[in-house]
Amino acid sequence: MAHAVEEFAGAGRAFAREDLTGLDRPLVIRGLVRDWPLVRTRLSDADFAARLAAFDSGAPVDALVMQPGEDGVIGYNANFDGFNYEHHRVSVGKGLQRLLDLAAYERVPGIAIQSAPIPRCLPGFLAEHGLSFLDTSVEPRIWIGNRVTTPAHFDEYHNIACVLRGHRRFTLFAPEQVGNLYVGPLEFAPTGAAISMARLDRPDDPRHPRLKLALAAAQVAELEAGDAIYVPPMWWHHVASLDPLNALVNYWWKFVRSDGYAPQTALGCLMHDILAFRSLPPAEKRAWKVLLDHYVFGEDDPAAHIPPERRGMLGTLTPEKVAELREKIRSYL
């Protein structure tokens, strides 16, 4: 049986960036953005859409459109040689109008405006809709749609997602549940993020017998406008939008590492590791696992016995050293 996501209990004080320090689990923050004007003011869907569209710059953003028979669930097509949506580029205003036009009908296409950078498509919105405790370099994005579901996937970033309109149900799984989620191809995935191919609303599907184990360990939160959720890096999250018009603003960021080096993504490393290690004989795989645990995933410093000036990539990394190492890595490929 799934468990409720822990909720922030701040004894009446406001949530602060320090509350994220060392946090390695999801956290619901009720009412975090309740004072945003588009949340605070009680508006009809039409008035909300008009107020939001007033910020529209006309810049095209990504929009996915699924046929009604897809139940709004983003995924693969029946032949598994493509995806179950059409990709369009529209302005936020046009997308909102299409959602309003469909709202009165029962069987409608699933529509999702995805990850639109707010400074580019909705300039002016951030003047009164922002999170003051995050660095101004963290660029917010907006997600707008109807009853659409994004299957379980993970991000490498810290994430705070704030519900601007409607209701959303988040179902989260710890990284250890990856083997129970039946993840699709890493290099061929809808919207670019590897997703679970198992439908959470079909736990008895014989193709995915271990899904029940994941569901038993899942954490679930249903959020309304004004609420927010923190999702740690690498946590799988399944997001269901529950109303004819939904909007969410999210913030992705990475904490600056002590050595100042933080690659945008480690997925390339994962793919390279699969190529390098996956097909090796068992004894060799075990030996490489020991080395990876020692040099990468272990808690002890593997270079503590080496003079600091000779620690190389195990020591402090400068931009020049990173560039040199990148070239060396290319020579091995």
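The table for this structure:
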| quantity | calculated |
| --- | --- |
| Residue 101 of a type in the set (Asp, Glu) and touching a Cys at 6+ places or on another chain (Cβ under 9 Å) | no |
| Exclusive hit being surrounded by fewer than 18 Cβ atoms within 10 Å (Cβ to Cβ), aliphatic (A, V, I, L, M) and in contact (Cβ under 8 Å) with a residue 12 or more places away in the chain, set 49, 78, 4 | 4 |
| Qualifying positions in region 200-225 - surrounded by fewer than 18 Cβ atoms within 10 Å (Cβ to Cβ) and assigned to a loop (DSSP other than H, G, I, E, B) | 201, 202, 203, 204, 205, 206, 207, 209, 210 |
| In region 130-153, the residues that are assigned to a loop (DSSP other than H, G, I, E, B), crowded, with 21+ Cβ neighbours inside 10 Å and not polar (S, T, N, Q) | 148 |
| Count - residues of region 18-63 that are under 18 Å from residue 99 (Cα atoms) and part of a helix (DSSP H, G or I) | 10 |
| Pair list, Cβ < 7 Å and 6+ apart or interchain, from region 81-107 residues that are part of a loop (DSSP other than H, G, I, E, B) and at pLDDT 95 or above to residues that are buried (at least 16 other Cβ atoms within 10 Å of the Cβ) and among the charged types (D, E, K, R) | 84/70; 91/56 |
| Verdict on residue 27 being among the hydrophobic types (A, V, I, L, M, F, W, C) and closer than 18 Å to residue 127 by Cβ | no |
| Residue among 122, 64, 99, 164 that alone is touching a strand residue (DSSP E or B) at 6+ places or on another chain (Cβ under 8 Å), within 23 Å of residue 219 (Cα to Cα) and not charged (D, E, K, R) | 164 |
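The values are calculated or read from the model by the stated rules, or taken from the named source; none is laboratory data. On a predicted model such as this, the values are computed, not experimentally measured, just so you know. FYI the Cβ positions are ideal-geometry reconstructions off the backbone, even for glycines, and counts take in every protein chain you see.
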